[in-house]
1. If you take the square roots of the eigenvalues of the alpha-carbon gyration tensor of the stretch B:110-160 and sort them as a ≥ b ≥ c, do you get rounded (a/c under 1.5), prolate (a/b over b/c) or oblate?
2. Express as a percent, rounded to the nearest 5, the fraction of DSSP beta bridges in chain B (both residues included) that run antiparallel.
3. Largest first and in whole Å, what are the equivalent-ellipsoid semi-axes of the stretch A:239-281 based on the Cα gyration tensor, each being the root of 5 times an eigenvalue?
4. So which lysines pass the test for residue B:34, namely a Cα distance under 19 Å, with those fewer than 8 places away in the same chain ruled out?
5. Pull up all non-local amide H partners of residue A:86: gap of 5 or more, or a different chain, and H-to-H distance under 5 Å with H placed in the peptide plane.
6. Considering every pair of different Cα atoms, what Kirkwood radius, in Å, is found for the protein assembly as shown?
7. In nm, give the distance between the simple-model label positions of residue A:123 and residue A:194, each being 7 Å from the Cα along the Cα-to-Cβ direction.
8. Let me check against my output: what whole-number percent is the relative contact order of chain B, with C-alpha pairs under 8 Å and at least 6 apart?
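The values are calculated or read from the model by the stated rules, or taken from the named source; none is laboratory data. Since the structure is predicted, the reported quantities are computational estimates derived from the model, not experimental observations. With ideal geometry, Cβ positions are generated from the backbone for all residues, glycine too; neighbour counts draw on all protein chains shown. To get the accessible areas, we keep the full protein, side chains included, count just its heavy atoms, and leave off ligands, DNA and RNA. Shrake-Rupley method; radii C 1.70, N 1.55, O 1.52, S 1.80 Å.
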There are 2 protein chains.
Amino acid sequence: MKAYIGLDIGGTKILGVLYKEDGTELDRAKKKTKASEGVDVVIEQIYKVVDKLLEESKVELMGIGAGSPGLIKDEGIVVFSPNIPFVDFDLKGKIVKRYGCAFVLGNDVNVAMFGEWKHTGLDQARSVVGLFIGTGIGGAIIINGELYLGQGSAGEMGHMVVQDNGMICGCGSKGCFEAYASKTAMQKFINAQIKKGRQSILEEAMIDGGVIKSSVLENAYNAKDPLAIEVIDEAIHYMGVATANYVNIFHPEIFIFSGGVIESFGQPMLSRIIDEARKHSMPGLVDDVDFRLSELGDDAGAYGGYALIRSKVST
Amino acid sequence: MKAYIGLDIGGTKILGVLYKEDGTELDRAKKKTKASEGVDVVIEQIYKVVDKLLEESKVELMGIGAGSPGLIKDEGIVVFSPNIPFVDFDLKGKIVKRYGCAFVLGNDVNVAMFGEWKHTGLDQARSVVGLFIGTGIGGAIIINGELYLGQGSAGEMGHMVVQDNGMICGCGSKGCFEAYASKTAMQKFINAQIKKGRQSILEEAMIDGGVIKSSVLENAYNAKDPLAIEVIDEAIHYMGVATANYVNIFHPEIFIFSGGVIESFGQPMLSRIIDEARKHSMPGLVDDVDFRLSELGDDAGAYGGYALIRSKVST
């Protein structure tokens, strides 16, 4: 039986899923990334995931598709990754040498969004925009069935200035969308407010100093905590502005939202984003767009890897 | 001899140019659009331009490519135009019936930018962004050699919110790029300042109440008129912010600037836009891009029409 592997190489874990040609799942395997132990260990962890999938199934491996955080070159080289110690690392070379199959690598958000799009079954759509809103904000652009990457880094959709001379962003600029609507931005605002002595049920969630969980934020919002409402309403406003900007630029057929914040708050948040976007986009354009929530959750990366390599091998 | 016609259908005039297959100009003709006299008169004016080109040259007409202001559907129908009384007007049907040749129609800015790109000779570039900065601000996106239109209205690049809750824009939103850096925006600011009693050599240019000429603005800027300097510096800042946003989104190989403001101020303005964009884009991305000034001026629309129909007929 012909099969494909989709690999989601994350900062903490590597998920591999074995798929039949038609996208049905056959098996899955997961290992820790062990990013802190260096690149040689990470590549061994990747091999272990793939080997495990191949050992347990009698399949003809047609190809592997993978997503990794960071900047990817030539669909196979990790130029740089924020979470994994890859620097100009030829992952494609390694995989092709070991498994002798087709391989394609993309940025994690791009690959996951490609998977979400394929999963919608709306393959005939020729223009798709994806927005990932979680700890950070990323995006993906799919045109004529292919990920659009420009010279390699296209889709830096969190770093669109929406408030000139506004909040400082991690990228070095000011007023980026990410500096207003990412979970990191929300966390920063909540921390500052609590330090100022503001009462909030979010105070407890702040204790560990990490980035707040989307579900904690959602619970506080639903409990009508004024600080949670303020921070979420502000984020939705900026999500609407950014969405309007992307609709004006791309006038896409499909617009997919994913990421922890969106997945926690779901359809009510999406509806408010669309209402807000309508106020800022060119008349009528927002209503042409088929807005969708991600449906694959944690499997989007692996499924996207499958979808991507499947699209390459079949053409 | 095989030949193509490029048509630039503007609000005041229609320019037609007859080109050899290789893009060499054979002849040109110009007529008033007579937009105020209704659609039947406008179509007659278009026929007159084409007829004149065909009467005087013994050519085999392979196709006509045209650009028109407004929203274009199916590469042949003008859904709506701000300057010409076309409403759901099937221009392609009319042209094909009369001349029996291939025809393609696009939005004027899109078509002109396609022409500018083809004129660079950098046909191998697969990602091209064009920004038109004149009375208004528009844009064009060329991906894999084709104009990207999404559902038809993509490239509304003047209507990206860069200053949330900022200046009111003609589109109904607030804080759009066009509300800060178009000539209309500059004019508005200059008028307001002069009404407040501010001294400026631009005062004289305001008398007729129309939109200020880019050359007048340039002369005042070069004469170090403080108001002209303030308004141009502010516009350049926003042009830089918007350019950074587009570089972050598209990471394009080529970025072309056109329109009256850019054409008047030329390379010194472009250099300052790039410097400003570098401050706001993701590290390194701006330096990957080949920034160019338009070179075709008033001929961009007609040449773009030729380039567009040439690309369709040859494929």
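1. Details: a/c = 2.42, a/b = 1.42, b/c = 1.71.
Oblate shape, in that a/c is at least 1.5 and b/c is the bigger or equal ratio.
2. Working: 31 of 53 bridges.
Restricted to chain B, the bridges split so that about 60 percent are antiparallel.
3. So the equivalent ellipsoid measures 18, 12, 8 Å along its semi-axes.
4. Within the straight-line cut-off, residue B:34 pairs with B:13, B:48, B:52, B:94.
5. Here A:81 satisfy the definition.
6. Numbers: mean 1/r = 0.0381 Å⁻¹.
Across the protein assembly as shown, the inverse of the average 1/r is 26.2 Å.
7. 4.8
8. Details: 653 pairs, mean separation 64.6, N = 315.
The normalised contact order for chain B reaches 21 percent.
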